[in-house]
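Participant: I'd like to ask some things about the structure below.
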Amino acid sequence: MTTQTAKLQRRTVSRGPARGLLIAEARGAAGAESVAARIEKVAATASAHAAAVDREARFPIEAMAAARAERLLGIGVPREFDGEGAGIADLADICYALGRVCASTALIYAMHQTKVACIARHGRASAWHQSLLRRICSEQMLLASSTTEGERGGDIRNSAAAVERHGDRISLERNATVISYGEAADGIVTTARRSAEAANADQVLVVLLKQDYRLERQIAWDALGMRGTCSAGFKLIASAAAEQIVPARYEEIHARTMMPVAHLLWSSAWTGIAAAAVDRARAFVRRAMQRADGALPPAAAHLTRANASLQTLRALVASALRRFETAAEDAAILESVDFQTAMNLHKVNASELAVATVMDAMQTCGLSGYRNDSEFSVGRHLRDILSSPVMISNDRVLANLLVPSLLNGAPASLRD
Ligand SMILES: Cc1cc2nc3c(=O)[nH]c(=O)nc-3n(C[C@H](O)[C@H](O)[C@H](O)COP(=O)(O)OP(=O)(O)OC[C@H]3O[C@@H](n4cnc5c(N)ncnc54)[C@H](O)[C@@H]3O)c2cc1C
């Protein structure tokens, strides 16, 4: 073995606890060590079952049980409602850590935390939602999301089904084409038209608990990747208390929280998948060098490229997280055209970079990466990451951004 190869062998792949987790400690949520240790335990369980979850297209029961045991489902709930007040960067780090081992677990976690953030930021004036936030912590409830409806695809700012009011009760019947882990969740957070008379874009967000609805399965989930999300299609038939409607307008919830938080947490999960693929590519090159007495394999340049795009991806996510943190709860910033464009474009850019990174990782490994039965296989990573441009189609996002693209010229300074 050459000195260079020996040095490479000694270096560890993991670089210790993430900075985002130290932020949790600074806030006094829990010791950084203990938060990191809790995440590590969940990640270890998710990793052990990831292949079976993918193969059997089943819900990651073990990983979610571990997340509950480590009390990670309520970590994003504000302290005043018994949570740990973890911020967006902390949650992003958890999605990233889970994405490195089991993409489905990471995406489920990201979707759940997005719903929690919507309730925490827009439902805090309502006693019902305050009590739910407490229950999310004490019972470690898992929330699913229903925005996709009928044949409308990712057109989430329009709903067909309407909430019907009957005194202090409501009912809703919805053709929910995709609800990830719908059957495993303790509740579903859904968009709907405000009333039968309301326009399609006049929406509300309703939180339904398991006892409030019945799911009739319409479409199975046998997909290329993200198989453990169990994103089947259902007819959702619900009857609930009227106070379960989140008091804010959905337009506001969507702009300030739902869209940015979803895009930030999804992209963190995708970055985890990309990082895991690059780890495999790196291990492949090291092994090849070891066997060839230090000589680089022919496709080693792809590793450099994969590393470069992973670095860009990480920087992109980190910068978008900072932008969201800086905006805090400033409605004017959050609803500005600039912010909305940036957060929507973030989804497109992050998904494209993540796919490119995993592709480069696969090309680094060649046939060993392409095979499903090799320790350097990146087949699952590739299948999982290919969901990212589809999950709210990049084409749809880009088409919706045409108007601001036409209006806004490039800023005068690089730092604007
Ligand atoms: C892994 C995964 C999990 C999901 N989980 C959930 C969930 O829990 N809850 C939920 O509600 N939804 C979920 N979804 C659905 C998701 O939110 C989107 O609704 C869905 O991915 C869009 O599906 P679509 O491609 O059929 O629809 P569309 O958005 O209609 O896209 C169909 C095609 O039309 C093209 N297209 C669409 N609009 C335009 C346009 N304006 N200009 C140009 N081309 C356009 C697109 O390129 C695409 O090829 C999930 C999706 C995935 C992949």
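Participant: What pairs from LYS235/LYS347; LYS115/LYS235; LYS115/LYS210; LYS41/LYS347 go past 24 Å between their alpha carbons? Mind showing how you got there, number by number?
Facilitator: Working: LYS235/LYS347 28 Å; LYS115/LYS235 20 Å; LYS115/LYS210 15 Å; LYS41/LYS347 29 Å.
Checking Cα-Cα distances, LYS235/LYS347; LYS41/LYS347 exceed 24 Å.
Participant: For the chain, what % of the accessible area comes from carbon and sulfur atoms, probe 1.4 Å?
Facilitator: Answer for the chain is 53 percent, counting heavy atoms of protein chains only.
Participant: Enumerate the calculated ³J(HN,Hα) couplings along segment 188-202 in order (Karplus 6.51 cos²θ - 1.76 cosθ + 1.60, θ = phi - 60°), each rounded to whole Hz, writing x wherever the residue is Gly or Pro.
Facilitator: Each residue's phi maps through the Karplus curve to give 10, 9, 10, 8, 6, 5, 4, 7, 5, 8, 6, 5, 4, 8, 8 Hz.
Participant: Can you give me the P(r) profile for the chain? Cα pairs, bins 20 angstrom wide beginning at 0, each as a whole percent.
Facilitator: Reading upward from the zero bin: 26, 57, 15, 1.
Participant: Working from the pairwise distances between different alpha carbons, so that the mean of 1/r is found and then inverted, what is segment 144-240's Kirkwood radius in Å? Present the calculation step by step, with values, prior to reporting the outcome.
Facilitator: Values: mean 1/r = 0.0744 Å⁻¹.
Result for segment 144-240, one decimal place: 13.4 Å.
Participant: Shifting gears a bit: At what distance in nm do the modelled label points of ARG396 and ALA199 sit from each other, each positioned 7 Å from its Cα along Cα→Cβ?
Facilitator: Between ARG396 and ALA199, the label points sit 2.0 nm apart.
Participant: Using only the Cα atoms of segment 301-383, what semi-axes does the equivalent ellipsoid have when each is the square root of 5 times a gyration tensor eigenvalue? Give whole Å, largest first.
Facilitator: 34, 11, 9
Participant: Determine, from the Cβ-Cβ distance of SER413 and GLU352 and an R0 of 22 Å, the FRET efficiency 1/(1 + (r/R0)^6), rounded to the nearest 0.05.
Facilitator: Approximately 0.25, to the nearest 0.05.
Participant: Right, something else. Full-extension gain between ALA65 and ALA127, please, as 0.36 nm times their residue separation minus the C-alpha to C-alpha distance.
Facilitator: Contour length minus the Cα-Cα distance gives 19.5 nm.
Participant: Each residue of segment 358-366 in turn: what ³J(HN,Hα) in whole Hz from Karplus with 6.51, -1.76, 1.60 and θ = phi - 60°, glycine and Pro shown as x?
Facilitator: After applying 6.51 cos²θ - 1.76 cosθ + 1.60, I find 5, 4, 5, 4, 5, 5, 4, 7, x Hz.
Participant: Please work out the FRET efficiency for the pair LYS235 and GLU139, using the Cβ-Cβ distance as r and a Förster radius of 41 Å; give the result to the nearest 0.05.
Facilitator: Result of the calculation: an efficiency of 0.95.
Participant: Next question. Given H placed 1.01 Å from N in the peptide plane, which residues other than close sequence neighbours of VAL178 have an amide H under 5 Å from its amide H?
Facilitator: THR148, PHE234
Participant: I'd like to compare 382-394, 97-109: which one has the highest average count of other Cβ atoms within 10 Å, and what's the full order after that?
Facilitator: Output ranking for 382-394, 97-109: 97-109, 382-394.
Participant: Follow-up. Do me a favour and compute the ellipsoid semi-axes for segment 194-341 from its Cα gyration tensor, root of five times each eigenvalue, largest one first, whole Å.
Facilitator: 43, 24, 11
Participant: In 5 Å bins starting at zero, report the fraction of Cα pairs in segment 363-408 per bin as a rounded %.
Facilitator: 5, 20, 16, 12, 10, 10, 10, 8, 6, 3, 0
Participant: Now for a separate question. Between ASP168 and ALA51, take the C-beta separation as r, use R0 = 30 Å, and let me know the FRET efficiency to the nearest 0.05.
Facilitator: Values: r = 49 Å, r/R0 = 1.62.
Calculated value: 0.05.
Participant: Another question, if that's okay. May I ask you to evaluate 6.51 cos²θ - 1.76 cosθ + 1.60, the Karplus curve with θ = phi - 60°, for each residue of segment 158-164 and list the ³J(HN,Hα) values in order in whole Hz, giving x for glycine and proline?
Facilitator: Each residue of segment 158-164 in turn: 9, 10, 9, 5, 10, 6, 9 Hz.
Participant: Pick out, from LEU353, GLN140, SER195, the residue whose Cα sits farthest towards the positive end of the charge dipole of the chain, with +1 on the Cβ of Lys and Arg and -1 on the Cβ of Asp and Glu.
Facilitator: So the residue we want is LEU353.
Participant: Give the long-range amide H neighbours of GLY76: residues separated by 5 or more places, or on another chain, with amide H under 5 Å away, using H modelled in the peptide plane at 1.01 Å from N.
Facilitator: GLU84, ALA86
The values are calculated or read from the model by the stated rules, or taken from the named source; none is laboratory data. What you see is a predicted model; the values in this text were computed from it and never measured. Because the Cβ atoms are built from the backbone with ideal geometry, glycine has one as well, and the counts that use them run over all protein chains shown. For the accessible areas, the whole protein counts, side chains as well, though only heavy atoms, and no ligand, DNA or RNA atoms are used. Shrake-Rupley method; radii C 1.70, N 1.55, O 1.52, S 1.80 Å.
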